[in-house]
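Asker: Submitted below is the structure of interest, expressed as structure tokens.
Readers should treat all values here as calculations from the given coordinates under stated rules, not as data from a laboratory. Everything quoted here is computed from the prediction, not taken from an experiment. Using ideal geometry, Cβ is built from the backbone for each residue, glycine included, and neighbour counts are taken over all protein chains shown.
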Ligand SMILES: Nc1ncnc2c1ncn2[C@@H]1O[C@H](COP(=O)(O)OP(=O)(O)OP(=O)(O)O)[C@@H](O)[C@H]1O
């Protein structure tokens with residue numbers, strides 16, 4: 001088992017937010033965590049990456065990655081794992097990219113933080129990764145500021161950085177939410193293609209049950225910090241047990257009528 005999260009409780013300050021969350025993830029598999037805003041989805045994946053905000057802390061449970069409980073990691077051990085073995089693509093790619101630095105400078109620095117390569121090598125490798133994300137004219141992109149690119153392009157840059165080290169686990173926090181439906185589908189497709197090639201496992205956090213059903217082997221439904229239902233995409237979309245899950249499915253028109261169609265297509 002690549003990742004095993006058991007009985008995780010998380011608080012912000014004195015307030016318990018996430019209760020008794022468990023999940024198991026094998027290499028190459030995809031789990032989607034869905035649920036309404038504030039249900040605790042992002043908090044769970046931030047805990048897995050060891051990047052809860054200051055006041056956030058795990059109060060109970062284990063996060064075992066590759067046989068080791070990450071919660072016992074020293075700061076140095078976390079640094080080695082996060083950004084390389086476990087990476088995160090953020091909601092708005094903008095939040096990952098510095099708005100006042102060119103993409104190329106950021107990408108090259110990111111690479112050189114983790115591996116000892118020359119600037120030129122890092123540059124060439126970054127270009128190759130942008131090509132894998134189907135970005136046209138990667139040299140021009142490297143020479144651009146984030147605000148000079150479209151949302152879809154920034155998103156692809158974020159995914160390219162997140163995938164650069166062929167992480168064992170990619171944590172994707174609504175990686176497509178800022179994009180229109182067609183671009184969403186393309187970016188998801190590209191991200192999954194690279195993950196399949198590299199054997200990367202994914203945990204994706206999303207409001208979009210269409211995206212979840214299309215991508216995921218397992219869907220976990222969260223509400224108020226609790227897991228209320230879980231199952232295969234087929235089970236959740238075609239045979240939901242909980243009223244809450246049914247409500248999320250009923251919201252499908254709001255997500256473009258995609259859930260069923262996309263699942264059938266997938
Ligand atoms: N830094 C923080 N300090 C205090 N409370 C927080 C903090 N971040 C999140 N929370 C609270 O934790 C709860 C869960 O938030 P979280 O962001 O994990 O939910 P989410 O399901 O990912 O929501 P969304 O879909 O809107 O991103 C919310 O009630 C939120 O107000």
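Asker: Can you pull the Rg over Rh of the stretch 19-172, Cα-only, Kirkwood?
Answerer: 0.98
Asker: Within the chain, what percent of beta bridges assigned by DSSP are antiparallel, to the nearest 5?
Answerer: Of all bridge pairs located within the chain, approximately 55 percent are antiparallel.
Asker: Most exposed first by the Cβ proxy, i.e. fewest other Cβ within 10 Å, how do 156, 112 rank?
Answerer: In order of increasing Cβ crowding within 10 Å: 112, 156.
Asker: Further, regarding this structure: Enter the angle in degrees (range 0 to 90, nearest 10) between the Cα long axis of helix 181-198 and the first principal axis of the Cα atoms of the chain, meaning the one along which they spread out most.
Answerer: 80 degrees
Asker: To the nearest 10 degrees, how steep is helix 103-114 against the longest Cα principal axis of the chain, on a 0 to 90 scale?
Answerer: Tilt of helix 103-114: around 80 degrees.
Asker: Now for a separate question. If each Cα of the chain is one equal point scatterer, what is log10 of I(q)/I(0) from the Debye formula at q = 0.09, 0.10, 0.13 Å⁻¹?
Answerer: Debye output, listed in q order: -0.40, -0.49, -0.84.
Asker: Find the relative contact order for the stretch 94-164 and round it to a whole percent, using C-alpha pairs within less than 8 Å whose residues are 6+ positions apart.
Answerer: With pairs under 8 Å counted, the relative contact order is 44 percent.
Asker: Between 0 and 90 degrees, rounded to the nearest ten: what's the tilt of helix 151-163 against the longest Cα principal axis of the chain?
Answerer: 90 degrees
Asker: With each pseudo-label sitting 7 Å past Cα toward Cβ, what's the residue 1-residue 112 distance in nm, one decimal?
Answerer: About 4.1 nm separates the two model spin labels.
Asker: Of the candidates 71, 130, 171, which one comes out as most mobile in a Gaussian network treatment of the chain with C-alpha springs shorter than 10 Å?
Answerer: Result: 71 has the largest fluctuation of those listed.
Asker: Something else: Based on Cα coordinates alone, diagonalise the gyration tensor for the stretch 20-109, multiply each eigenvalue by 5, take square roots, and list the semi-axes in whole Å, largest first.
Answerer: For the stretch 20-109, the semi-axes come out at 24, 18, 14 Å.
Asker: To continue, here is another question. Assuming 0.692 mPa s and 37 °C, estimate D for the stretch 94-164 with Stokes-Einstein, Rh taken as the Kirkwood radius over Cα pairs, in µm²/s.
Answerer: Approximately 279 µm²/s, per Stokes-Einstein.
Asker: A follow-up question, please. Explain nothing, just the number: relative contact order of the chain, from Cα pairs under 8 Å at least 6 residues apart, as a whole percent.
Answerer: The normalised contact order for the chain reaches 25 percent.
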